[in-house]
Amino acid sequence: MEKKWEEMSADEKQEAQFQKLLTPKDPEGNDLKFQSPEADANYKASINRIKDAVQLKKTPDSVPVALLPSMFPFINAGMTVEEAMYDYDKCAAAFKKFILEFKPDMHIGAAGPGPGKFYEILDYKLYKWPGHGVAPEHSYQCLEGEYMKAEEYDLLMMDPSFYFRNFYLPRVFGALEGFTMLPPLTGILEMYGVAFNFIPFALPPVQGTYKALFEAGAEALKWAMVMGGTDGELKTLGFPIILGGFTKAPFDVIGDTLRGTRGIMMDMYRQPDKLLKAMEALVPIMIGMGIGAAQQTGNPQIFMPLHKGADGFLSDEQFKKFYWPTFKQVILGLIEGGCIPFPALEGHWGSRLKIIQDIPKGKTMWMVDQTDMAKVKETLGQNACLIGNVPSSMLVLGTPDEVKAYCKELIDTAGKGGGFIMSNGAFFDKAKPENVKAMVDFTREYGVYE
Amino acid sequence: MAGELAKLLSDLKEPEALAFVDKALGEGVDPMELLGDTKEAMNIVGQRFASEEYFIPDLVFSGEILKGIIKKLEPHLKKGEEEKRLGKVIIGTVAGDIHDIGKDLVVFMLDVNGFEVLDLGIDVPVQKFVDTIKETGSTVVGLSGFLTLAFDSMKETVDAIEAAGLRNNVKIMIGGGQMDEQVRDFTGADAYGKDAMAAVKLAKGWIGG
């Protein structure tokens, strides 16, 4: 009899997740029909390659190649970013063309640009996007601010969902203003007085917010059907998407979009204990976010973009006190839940390697941006799969020969003995297509393990 | 008593530094002397940042304490006692890019190191850089950018400065996110700086001070 999920060890859960990926189903739950026997074989070869690279138990047949673009597939197809965000069919078609042209072992799906109209409906204020603060050909960019006030830590910790609904969300989505009028759900207890809780739903601002939500939900679904359809079709053509969702390190949760960079730095001095406690409170929420996404998508890799732990942002002492403990707890919780944490070391992380290498072996994969890959291999790379780190500047400005020379060096050092996936180091918008091609093709040729 | 404020501020003791200023002003200490102490403190902060004893949070927090002190001193300072500045530096995040954290740190470090900084903000049109060079006669320009899309904006900015016949009058430095030597070469800038202290070093090398 098969073991129940709850009774499995972390090892068994990870293995089960890979087995699930190796026996893909269609949306009706039947075995996925590949478009050709080659597509079937390629799909499984890619999954096995990545599995071997992640688990560090045996060397894969060759170095897997991943492509993790930002807006490149759309810009390369001659579209503006604005078109990619507003014309879902065009966006999906460009993404499909991109995958079929460059043929990576692993991709992250067509969802990158996101649904422009959805953001409009909700009056999203956290970002500027094409037509809304940036030019049509430019990517969306975050508008940092103190969306959570310095004195709101207690509110956040007492009931994070209430805080998000009544305070944070109305500040970042103009259309959600009505949420500020809603009472906590936990006041709904028994017959006496229960009706009072529902009076706010009669108020026009609340009704306006719900109307916007219905409309936004419909738009999100419309968009997701198109992108999901394309990702599913790519699967039948032999190209797996194995990214299952995302979560974040608690320090970045607070530092990126709640208190902002400046705000969190002030808090490190003025109210360090509150900051530490709030991050502790976020740990189970961030673990749940990753595990929930993996269950929903059936894909175990949970992406974690890391920002404020990079070299220079914090001293090593500050990193050890404020960033690493709760980040590590999230990693361990995800592993326990059968996920493969996929943190991205954005920028330089050279000074943190000895700290972050203290993780279970064969359970994670780390995207490396600008950190010296040889040094990463000697440290973190002893316990974890590495993915990266062809520089954005080289993809934009270099030549195919330069790219090949760089990839050769990567395969010789980071690729030694397995545990490495070739990829770009940072999400890229622009690149010379011949450079992207050189990265993939050279790795296919030179990256075969004896 | 001289130097006490410099120590409190450079050691990032916010409540103590603010209380000290209140007490000193109450006792009739010359506010110019206190202002001098803050300058000394920010020098120490800069040195500690350069020697990697301090990091960005420390730098940002020192600026926050400084702001609080200046607010207390301002009503007591006579107008027109602005000290002489080393030279003018123009800084901005290039067209299409709205990232400001890195740029703000550079502005702050240049300012506390004695430069007059003309901060053009974010998403700065090419022509704005050209016009500001013409209007102010600045000899150093810093271009900030986080995105790969900024490579082109930086190049266009350098090209426009060239086309306006101003290229020989200014030194141009770039920095931020995905910037490196290869990008510097592409944009035609004079130097790439990896952090705010590098920007100060470059400006000092070009302007003196």
Does residue B:147 fit the bill of being at the interface with chain A (Cβ under 10 Å from one of its Cβ atoms) and not charged (D, E, K, R)? yes
If you go through region A:402-428, how many residues are surrounded by fewer than 22 Cβ atoms within 10 Å (Cβ to Cβ), more than 14 Å from chain B (Cβ to nearest Cβ) and on the phi < 0 side of the Ramachandran plot? 7
Residues satisfying the stated conditions in region B:150-171, i.e. under 23 Å from the mean Cα position of the chain (by Cα) and within 14 Å of chain A (Cβ to nearest Cβ): B:150, B:151, B:153, B:154, B:155
Only listed residue being surrounded by 20 or more Cβ atoms within 10 Å (Cβ to Cβ), of a type in the set (Ser, Thr, Tyr) and in the same structural domain as residue B:175 (by TED's automatic domain parsing), chosen from B:38, B:93: B:93
Checking residue A:128 against (1) in a loop (DSSP other than H, G, I, E, B); (2) surrounded by fewer than 21 Cβ atoms within 10 Å (Cβ to Cβ); (3) within 14 Å of chain B (Cβ to nearest Cβ), which test does it fail? (1)
When you scan region B:96-109, do you find a residue that is of a type in the set (Gly, Ala, Ser) and assigned by TED's automatic domain parsing to the domain that holds residue B:145, even just one? yes
Please verify whether region A:243-254 includes one or more residues that are out of contact with any Leu (no Cβ under 6 Å at 6 or more places or on another chain), assigned to a helix (DSSP H, G or I) and without any contact (Cβ under 8 Å) to a residue 60 or more places away in the chain. yes
Test: residue in region A:133-146 that is among the hydroxyl-bearing types (Ser, Thr, Tyr) and part of a loop (DSSP other than H, G, I, E, B): yes
Which listed residue, of A:275, A:282, A:234, is in contact with a Ser or Thr (Cβ under 9 Å, 6 or more places away or on another chain) and part of a helix (DSSP H, G or I): A:282
Quick one: would you say residue A:52 is in contact (Cβ under 8 Å) with a residue 60 or more places away in the chain and either over 30 Å from residue A:133 (Cβ atoms) or surrounded by fewer than 18 Cβ atoms within 10 Å (Cβ to Cβ) (or both)? yes
Options A:74, A:102: the member that is within 14 Å of chain B (Cβ to nearest Cβ), within 23 Å of residue A:389 (Cα to Cα) and at pLDDT 95 or above: A:74
Looking only at residues that are among the acidic types (Asp, Glu) and in contact (Cβ under 8 Å) with a residue 24 or more places away in the chain in region A:140-195, which one is surrounded by the fewest Cβ atoms within 10 Å (Cβ to Cβ)? A:154
Residues of region B:172-190 that turn out to be more than 14 Å from every other protein chain (Cβ to nearest Cβ) and surrounded by 19 or more Cβ atoms within 10 Å (Cβ to Cβ), as a count: 2
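State the number of residues belonging to region B:52-81 that are part of a loop (DSSP other than H, G, I, E, B), of a type outside the set (Asp, Glu) and modelled with pLDDT of 90 or more. Before you say what the answer is, go through the steps one by one.
Going through region B:52-81, the residues part of a loop (DSSP other than H, G, I, E, B) turn out to be B:52-55, B:77-81.
Next, only the ones that are of a type outside the set (Asp, Glu) stay: B:54-55, B:77-80.
Now narrow it down to the ones that are modelled with pLDDT of 90 or more: B:54-55.
Of the residues in region B:52-81, 2 are part of a loop (DSSP other than H, G, I, E, B), of a type outside the set (Asp, Glu) and modelled with pLDDT of 90 or more.
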Considering only region B:125-146, how many residues are modelled with pLDDT of 95 or more, hydrophobic (A, V, I, L, M, F, W, C) and not in a helix (DSSP H, G or I)? 3
Here the residues within region A:285-317 that are under 18 Å from the mean Cα position of the chain (by Cα), outside any loop (DSSP other than H, G, I, E, B) and within 14 Å of another protein chain (Cβ to nearest Cβ) are A:305
Output the number of the condition that residue A:386 fails; it satisfies all remaining conditions of (1) at pLDDT 95 or above; (2) out of contact with any helix residue (DSSP H, G or I) (no Cβ under 8 Å at 6 or more places or on another chain). (2)
Please verify whether residue A:112 is crowded, with 18+ Cβ neighbours inside 10 Å, over 28 Å from residue A:206 (Cα atoms) and not hydrophobic (A, V, I, L, M, F, W, C), treating the condition exactly as stated. yes
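The values are calculated or read from the model by the stated rules, or taken from the named source; none is laboratory data. Being a predicted model, the structure only gives us computed values, none of them experimental. Quick reminder, even Gly has a Cβ in these numbers, built from the backbone with ideal geometry, and neighbours come from all protein chains shown.
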